[in-house]
Amino acid sequence: MADNGDTFDYIIVGAGSAGCVVANRLSADPGKRVLLLEAGGRDWYPWIHIPVGYFKTIHNPMTDWCYATEPDPGLGGRALQWPRGRVLGGSSSINGLLYIRGQREDYDQWRQMGNTGWGFDDVLPYFKLSEDQERGGDEFHGEGGPLAVSNIRVTREICDAIIDAAEQVGVPRRDDFNGDDQEGAGYFQLTARKGLRCSTAVAYLNPARSRPNLTIQTHAVADRVLIEDGRAVGMAYTVKGEPRETRCTGEVILAGGAIGSPQILMLSGIGPGAHLRDLGIDVVHDLPGVGENLQDHLQIRLIYGTRDPVTLNDDLRNPIKKMLMGIEYGLRRTGPLSMGASQVCIFARTRPDLATPDIQYHVQPWSADSPGEGTHKFSAFTMSVCQLRPESRGRILLKSPRPGDHPAIHPNYLSSEVDRRTAVESIKFTRRLVGAEALKSYVSEELRPGPQAQTDAELLDAARTLAQTIYHPVGTCKMGPDPMAVVDERLRVHGLRGLRVVDASIMPTLTSGNTNAPVIMIGEKAADMIAEDARAA
Ligand SMILES: Cc1cc2nc3c(=O)[nH]c(=O)nc-3n(C[C@H](O)[C@H](O)[C@H](O)COP(=O)(O)OP(=O)(O)OC[C@H]3O[C@@H](n4cnc5c(N)ncnc54)[C@H](O)[C@@H]3O)c2cc1C
């Protein structure tokens with residue numbers, strides 16, 4: 001095995017939302033040598049940077065791992081495609097750009113679960129540190145940070161009508177979902193600067209790229225963490241088929257994401273002992289929680305036909321309008337090509353007795369059989385609704401001991417009664433909203449699930465048939481003090497030294513909203529803790 005002879009202080013595995021943040025912050029100290037390993041390539045593909053380009057980057061093996069789940073009993077045995085970024089920037093290079101932090105209560109709950117330092121007041125400074133808010137800084141927002149957060153650059157009559165309709169069913173208008181209260185309806189903000197995607201590769205890696213103490217190795221697939229006497233001392237990995245080993249004197253930091261990080265741990269012999277032994281992997285450290293506690297947001301995509309051609313489906317059918325979209329974007333970086341994956345966001349409560357919203361809408365003024373496929377030829381919009389804090393828990397297991405093989409993903413959607421009830425209630429709530437005065441004159445009919453679905457059983461069946469991931473898997477290396485936790489509150493792997501996990505997998509519970517901003521916050525806080533611990537050592 002080639003040992004390239006270099007020694008680093010830190011080896012970071014995965015240049016995604018979290019990994020790029022940590023690489024930037026740790027290499028800001030010129031005295032620390034940092035190696036960043038990434039399985040994917042450089043982010044040269046132009047569609048990565050054009051916001052609407054996620055239609056070209058998801059399900060594309062050049063930029064996406066193209067995972068699929070195992071057949072899921074909760075979805076009537078359907079298997080779902082699970083895109084994950086495989087390129088510098090990771091999933092932040094292929095995601096929908098929507099900037100949402102979650103609710104104060106999410107983080108306060110993490111702290112209540114025994115994770116000191118993770119309450120909302122503790123993490124808010126890291127959200128602010130990362131942020132360059134177009135509207136300026138205030139109590140909740142940062143200005144001048146690496147991550148650009150901007151207003152959307154295109155609105156639409158049907159979207160305005162949906163916001164009005166939400167107000168008519170009791171959901172207030174809101175233009176900032178990341179301030180003191182989340183509940184409301186309004187336009188999303190995007191991780192974009194002047195109409196171009198702001199991935200973490202753009203925000204954090206590009207400014208650090210020329211530092212002599214930062215080495216970025218692309219096309220490097222991590223095989224396993226090298227452990228000696230209970231301490232991580234380096235990584236074994238493969239670059240374009242060539243095996244290599246690199247050692248470090250400080251720490252190995254896993255940022256492979258909610259699928260990659262538990263997979264790398266298990267391939268290294270760190271995980272549920274019986275499962276590893278079954279696959280012939282030597283057990284280095286029996287840690288039963290690795291790969292467990294998988295959580296995801298499940299979107300139910302309701303589609304409504306419109307009487308008039310007011311949707312993006314209509315514009316995309318018209319070659320002249322399509323050409324004008326290209327010209328508009330080329331000249332001003334505005335128009336439909338500057339759109340995030342959704343336009344309007346609604347946080348609502350399915351029951352008035354709930355303290356905070358339990359569902360989120362991603363409203364799209366277009367429709368398709370599934371995201372990433374071509375838009376429909378008829379006039380229609382999509383009301384995608386997801387439950388914010390699902391109780392269902394799945395798991396990730398290895399299928400083989402070979403690093404190149406995809407693991408088995410078992411989401412176990414809709415396996416809790418609360419989740420099934422919320423799915424049914426969310427469809428009923430959608431129908432009330434679409435029937436409100438401001439919207440009903442636009443709508444011709446409900447296309448999916450359609451008026452034939454009426455009883456609770458029929459609505460649940462519709463949810464099982466229509467639902468898709470909204471791409472927020474977390475929790476598979478959860479943080480906590482209990483026996484099923486994988487890392488402690490400083491993100492150090494329990495029972496080993498010199499090894500941390502710093503990505504979406506450490507979330508003990510899913511945040512109430514999109515997960516990119518929370519993962520970037522985790523990266524910021526992790527880098528701070530790593531540097532602090534190094535100073536104290
Ligand atoms: C299609 C899609 C749309 C989304 N839309 C939004 C949105 O609009 N708003 C939002 O907030 N969130 C969104 N998300 C979710 C959000 O982007 C993720 O939660 C977040 O990016 C996860 O960050 P991470 O650092 O945990 O993992 P990632 O960003 O996925 O990074 C993991 C990195 O590790 C690398 N890696 C993995 N395994 C290995 C290995 N063995 N060796 C070497 N490298 C490895 C990967 O290639 C990747 O670059 C979306 C996600 C997807 C996929």
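Values in this text are rule-based calculations from the coordinates and carry no lab data. Since this is a predicted model, take the numbers as computed values, not measurements. Here the Cβ is made from the backbone with ideal geometry for all residues, glycine too, and neighbour counts use every protein chain on show.
For this structure, a couple of remarks:
- Note: region 1-157, Cα convex hull, 231 Å³ per residue.
- Each residue of region 464-475 is assigned a 3J(HN,Hα), and the resulting list reads 4, 7, 8, 6, 9, 5, 10, 6, 10, x, 8, x Hz, derived from the Karplus form 6.51 cos²θ - 1.76 cosθ + 1.60 (θ = phi - 60°), x at Gly and Pro.
- Residues with amide H under 5 Å from that of G475, placed H, sequence gap 5 or more: S505, I506, M507
- Rg then Dmax, both in Å and based on the Cα atoms of region 92-163: 15.3, 47.
- CD proxy at 222 nm, helix term only [per DSSP H run n ≥ 4: -39500 (n - 2.57); per residue of the chain; nearest 500]: -7500 deg cm²/dmol
- Separation of alpha-carbon centers, region 404-428 and region 492-527, rounded to whole Å: 22
- Across region 31-75, the convex hull enclosing all Cα atoms gives 171 Å³ per residue.
- Region 38-78 and region 220-271 have Cα centres lying 23 Å from one another.
- K322 paired with T155, simple spin-label distance in nm, labels 7 Å along Cα-to-beta-carbon: 2.9
- Value of Rg to Rh for the chain (Rh from inverse mean 1/r over Cα pairs, i.e. Kirkwood): 0.96
- Counting only GluC sites (Glu not before Pro) that DSSP places in a loop and that have at most 11 other Cβ atoms within 10 Å, the longest clean stretch of the chain runs over 140-372.
- If you bin all the Cα-Cα distances of region 251-401 at 5 Å, starting from zero, the percentages per bin are 2, 8, 12, 12, 11, 10, 10, 11, 10, 7, 4, 2, 0.
- When region 418-537 is reduced to its Cα atoms, the Kirkwood hydrodynamic radius in Å: 17.9
- Counting only DSSP beta bridges with both residues in the chain, the antiparallel share comes to about 70 percent.
- Beta bridges by DSSP in region 1-158, antiparallel share as percent, to the nearest 5: 35
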